[in-house]
1. Could you list, in sequence order, all residues of the range 187-214 that are more than 16 Å from residue 243 (Cα to Cα) and among the hydrophobic types (A, V, I, L, M, F, W, C)?
2. Taking the criterion of being farther than 23 Å from residue 54 by Cβ and part of a loop (DSSP other than H, G, I, E, B), would at least one residue in the range 94-106 satisfy it?
3. Just to verify a result, which residue in the range 56-95, among those that are over 18 Å from residue 128 (Cα atoms) and of a type in the set (Lys, Arg), is surrounded by the most Cβ atoms within 10 Å (Cβ to Cβ)?
4. Which residues, counting only those in the range 217-234, are loosely packed, with under 15 Cβ neighbours inside 10 Å and of a type in the set (Ser, Thr, Tyr)?
5. Do you know which residues across the range 163-207 are part of a strand (DSSP E or B) and either open to solvent by 60 Å² or more (accessible area, probe 1.4 Å) or free of Cβ contacts under 8 Å to residues at least 12 places away in the same chain (or both)?
6. Write out, first by first residue and then by second, each pair whose Cβ atoms fall under 6 Å of each other, whose residues are 6+ apart or on separate chains, and whose first residue, in the range 121-138, is within 12 Å of residue 225 (Cα to Cα) while the second is basic (Lys, Arg).
7. Which numbered condition trips up residue 146, out of (1) more than 30 Å from residue 191 (Cα to Cα); (2) open to solvent by less than 70 Å² (accessible area, probe 1.4 Å)?
8. Does residue 210 count as of a type outside the set (Val, Ile, Thr), in contact (Cβ under 8 Å) with a residue 40 or more places away in the chain, farther than 16 Å from residue 144 by Cβ and surrounded by fewer than 17 Cβ atoms within 10 Å (Cβ to Cβ)?
Amino acid sequence: MTYIKRWVKGSLLLGAVIVAFSACTKMDDTYKQFLEGGEIIYTGRVDSLKVFPGKNRVLLSWYLVSDPKITKCRVFWNQRTDSAEVAVKRTGGVDTVKLLLDKLPENIYTFQVYTYDNAGHSSVKEEAIGNVYGDAYTATLSNRPVRSAKYDATKKETTIWWFGVNNQVVKVEVVYTNTAGVQTTLTQMADSVPALPRDPMEFRASLKLPGYQAGTPFKYRTAYKPVKIAIDTFYTAYEMQTVQ
């Protein structure tokens with residue numbers, strides 16, 4: 001019985017060794033398929049890729065931290081049907097690369113960035129998603145509504161009282177005629193301290209137009225940024241407003 005037990009154990013051990021050897025052989029064969037052309041060499045990938053949206057354009061920005069052999073970067077979008085290339089000259093430290101892509105239809109894009117060296121080796125991709133805005137976005141914008149506009153003959157000034165403002169608004173431009181008959185532009189921006197310190201600055205509920213010529217209307221438009229990092233500002237059409 002002792003001999004039989006030893007024989008069974010030996011057979012099981014031999015079988016395990018054979019199975020393990022076979023598995024290793026298959027794994028080696030698999031890796032060899034990927035190394036048939038030699039060891040794959042990658043260049044350093046880009047770091048901190050950012051997309052700054054604009055009107056029918058975007059600004060891409062990224063860092064090159066490693067690999068001094070990098071000589072160019074290439075950006076792909078539209079499922080890699082479109083691309084652009086930028087030459088790189090490393091400085092030995094951290095380099096910032098920026099690329100402006102214009103004449104882009106309004107859409108949401110996925111941008112893929114690769115680095116390359118002079119030998120044709122490339123990095124793994126770095127990817128970021130960004131919006132391109134255009135006429136469709138502009139069509140959704142509206143002027144800040146006027147609650148009332150009243151002229152003070154004593155002070156020779158008009159005060160505009162506003163309704164609330166969209167959080168994408170960055171400024172309101174008002175054009176009026178002063179007492180000398182000259183067109184004057186006054187810009188209102190958010191400059192009121194909010195109730196909570198962490199909140200952004202707020203727009204005041206009123207705006208004074210000094211030296212206003214009585215009996216004349218004013219026109220105004222509202223400027224928007226879809227996101228804070230947008231590189232372009234979008235404007236509504238000018239709207240005329242009478243004064244009481």
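1. Scanning the range 187-214 gives 189, 190, 193, 195, 196, 201, 203, 205.
2. yes
3. 72
4. Answer for the range 217-234, where residues must be loosely packed, with under 15 Cβ neighbours inside 10 Å and of a type in the set (Ser, Thr, Tyr): just 233.
5. Scanning the range 163-207 gives 183, 185, 187, 202.
6. 133/55
7. For residue 146, the exception is condition (1).
8. Criteria met by residue 210.
The values are calculated or read from the model by the stated rules, or taken from the named source; none is laboratory data. Keep in mind it's a predicted model, so treat the numbers as computed, not measured. Every residue, glycine among them, receives a Cβ derived from its backbone with ideal geometry; neighbour counts consider all protein chains shown. These accessible areas exclude ligands, DNA and RNA; they are computed on the full protein's heavy atoms, side chains included. Shrake-Rupley method; radii C 1.70, N 1.55, O 1.52, S 1.80 Å.
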